[in-house]
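The values are calculated or read from the model by the stated rules, or taken from the named source; none is laboratory data. Since this is a predicted model, take the numbers as computed values, not measurements. All Cβ positions, even for glycine, are placed from backbone atoms using ideal geometry, and neighbour counts span all protein chains on display. Side chains are part of the model used for accessible areas, which takes the heavy atoms of the whole protein and leaves out ligands, DNA and RNA. Shrake-Rupley method; radii C 1.70, N 1.55, O 1.52, S 1.80 Å.
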Amino acid sequence: MSNRTAVCRPLLAGLAALFMQCCQAADHPVRVQLNQAVQPFALPASGSGLQADIIRAAFATQSVPTEFVFLPGARSWLEYKAGRIDAVTNAKPGSELDIVLTHWPVALFQNQAITLKRKNIEFKSIGELGKYRVIAFQNASKFLGPEYAIMARLNPNYVEQATMPSFLLRNEATDVIVSQADIFRFNLIENAARLGFKPDFEQFEYHPIFEKGNDYWYGFRTEAMRDQFERGIAAIYKSGEIDKIFAHYQKQFGTSRELFIHLDCRFLKKNRPPACAQEAQH
């Protein structure tokens, strides 16, 4: 055996092993956490949802398969630390976990106080919610600021629920529901189908009493996954595929583009939302 052959064999073996690792990585789906309670952004029964469809489409442009794991929000970090998921959709800067964040926030959850128009309820401050019967999403008192937390603690008619019973507002069993508007509307449609009434979105008033929503970055196990996702988002905006996804959910559930306002402001070349001008100032 020549010296050249002796040197080349381990080099070729190493290249072959690297090739196999790359192929296996490409075949291995990215396992993404989605909060099971934020319908229609996540729809566990069908393995879809607005977030799921956008993430799936973005990775598909990079020839990367995806799987979705629908969990309560609090469990996502436990599953990530255990190595059972590769990406989370509820990350923020400053996390102590070893995680690679997107270069920009992806999702915005902007909650509102929702009332019946015919009740003529007005709010000058968050504290005024304390005068009413209020139903909010689970852990709202942890996410909506100190003034809201005080109101929640002092209001004997305040409750938080894992799923949003929108019909209770329609039936006047509560005065206020605190929710993201698309989630409220989705649950009203679901309630209507189950209870046999026609959903009427026009009967509700939406009060933007919370000045700033909750921004969320997506977090990934590796920089490669993060970069594939970001390239994929740019690709589906360029191709117009993201508009088709939004149109499907708007037609089926009346869903707005509000959750992904950050992406619209970053990637839309025309017909950008008016809110983008304000966002550019921050």
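Could you point to the label whose value was computed as Rg and Dmax of the Cα atoms in Å for the structure here, given (1) 17.9, 55; (2) 18.9, 56; (3) 22.6, 92? Computed from the coordinates, Rg and Dmax of the Cα atoms in Å corresponds to (3). Of all the options Pro156, Pro40, Pro165, the one that moves most in a Gaussian network model of the chain with Cα springs shorter than 10 angstrom is Pro156. When the label point is put 7 Å from the Cα of Leu97 along its Cα-to-beta-carbon vector, which residues of the range 59-87 have a backbone N closer than 11 Å? In the range 59-87, the label zone of Leu97 (backbone N under 11 Å from the point 7 Å along Cα→Cβ) covers 73-87.
Near Tyr218, the amide H atoms lying under 5 Å from its own belong to Thr102, Val106; only residues 5 or more places off or on other chains count, and H is placed 1.01 Å from N. Applying the criteria of a DSSP loop state and at most 14 other Cβ atoms within 10 Å to the GluC sites (Glu not before Pro) of the range 67-115 yields Glu96.
Exposed loop sites here are trypsin sites (Lys or Arg not before Pro) assigned a DSSP state other than H, G, I, E or B and surrounded by at most 11 other beta carbons within 10 Å; excluding them, the longest clear run of the chain is 1-123. For the chain, the antiparallel share of DSSP beta bridges with both residues in that region comes to about 55%. Between rounded, prolate and oblate, where does the range 40-114 land on the alpha carbon gyration tensor, with a ≥ b ≥ c its root eigenvalues, rounded for a/c under 1.5, else prolate if a/b exceeds b/c? Here the range 40-114 falls in the rounded category.
Per the helix-only calculation at 222 nm, which mean residue ellipticity applies to the chain, given -39500 (n - 2.57) for every DSSP H run of n ≥ 4 and division by its residues, nearest 500 deg cm²/dmol?
-12500 deg cm²/dmol
Note on Asp200: accessible area approximately 70 square angstrom, rounded to 10, probe 1.4 Å, nucleic acids and ligands left out. Under a 5 Å amide H cut-off, with hydrogens placed 1.01 Å from N, Gln36 pairs with Leu71, Gly73 among residues at least 5 apart or on other chains. Relative to the longest principal axis of the Cα atoms of the chain, the long axis of helix 241-253 lies at roughly 30 degrees. Compared with the alpha-carbon gap, the fully stretched path from Ile150 to His248 is longer by 31.3 nm at 0.36 nm per residue. Rounded to the nearest 20 debye, the dipole magnitude of the range 167-223 is 260 debye, with +1 charges on Lys and Arg beta carbons, -1 on Asp and Glu beta carbons, and the Cα centre as origin. Subtracting the Cα-Cα distance of Glu223 and Cys276 from their residue separation scaled by 0.36 nm leaves 16.3 nm.
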